[in-house]
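Asker: Sending over a structure as structure tokens; questions will come in a sec.
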Amino acid sequence: MGFVQCCGYFGSMLLMLISSVVFICLIIAYFPHIRTFFYKEGSCVITGTIYTVQYACACGFPGCKSFYPCMMVYAKVNSSEQLGQESQWPVMVFDDDLQQIWINNITPELEERCSIRIKQCDKDEQVNRDMVEKYRLEFALPGKIHKCYFDSSSLAARGVVLHKSVHWQLAFHVTFWPSLAFCSGAIMCSILCYSKRYRRRHRAVSTEEEKF
């Protein structure tokens with residue numbers, strides 16, 4: 001096998017391997033968000049907010065710990081979907097599906113049921129309170145109407161989200177490009193195997209012809 005063929009085989013196999021690893025990593029990373037792809041869209045009317053307790057959060061450097069107030073936002077859902085009796089009662093509002101997944105899937109035992117979570121706190125607790133208050137004024141004033149997304153089969157249990165972090169466009173790119181790279185590697189490998197087999201067959205035919 002020539003040097004060019006060796007490079008071709010190695011490159012195509014490496015491309016297939018890398019694309020497979022990337023594809024698997026992306027699927028694992030976005031697997032918790034698959035459910036949100038099928039969320040229904042509706043409109044949510046904010047009914048009120050409740051402050052519960054303060055939760056600890058990291059300040060960004062070792063040993064620093066601060067606190068932020070837990071705010072729970074509630075809204076009524078209006079949608080063309082048949083939601084049943086549960087749509088008549090206010091449900092909890094989450095800022096995005098990341099917060100919803102964090103509450104419902106990752107930390108259900110902690111009961112840190114806040115509509116927003118300050119991931120990177122300031123060491124000054126007043127700054128954290130101001131961030132929560134700014135969110136309340138922008139999104140959580142009673143009577144405000146927002147586009148929202150929800151799972152109609154578990155509306156009361158999971159609540160609604162105002163922002164989706166994953167959309168169909170992102171899902172397309174997550175699956176299409178690694179798949180394209182894998183297919184390209186497979187095609188390159190197939191072409192090299194076919195060309196090698198063809199040259200072998202051609203040499204065998206030439207040898208037979210020389211004998212006669």
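Every number here is computed from the coordinates shown, using simple stated rules; none is lab data. A quick note: this is a predicted structure, and the numbers were derived from the prediction, not measured. When we count neighbours, we look across all protein chains shown, and the Cβ atoms used for this are built from the backbone with ideal geometry, even at glycine.
Asker: Just grab the label-to-label distance for residue 25 and residue 154, each label 7 Å out from Cα along the Cβ direction, in nm (one decimal).
Answerer: 2.9
Asker: Let me ask another. Residues with beta-carbon under 14 Å from that of residue 60, excluding residue 60: net charge, scoring Lys, Arg +1 and Asp, Glu -1?
Answerer: Spelling it out: positives minus negatives among the neighbours equals +1.
Asker: What's the FRET efficiency of residue 125 with residue 163 using the Cβ-Cβ distance as r and R₀ = 30 Å, to the nearest 0.05?
Answerer: Step by step, r from the Cβ atoms, then E = 0.70.
Asker: Here is a follow-up. Using 1/(1 + (r/R0)^6) with R0 = 35 angstrom and r between the beta carbons of residue 59 and residue 35, what's the FRET efficiency to the nearest 0.05?
Answerer: Plugging the Cβ-Cβ distance into 1/(1 + (r/R0)^6) gives 0.60.
Asker: Which order do peptides 60-72, 148-160 fall in by mean Cβ count within 10 Å, highest first?
Answerer: In decreasing order of mean packing, 60-72, 148-160 become 148-160, 60-72.
Asker: Measure off 7 Å from each Cα along the Cα-to-Cβ vector at residue 190 and residue 137, then give the distance between these two points in nanometres to one decimal.
Answerer: 6.1
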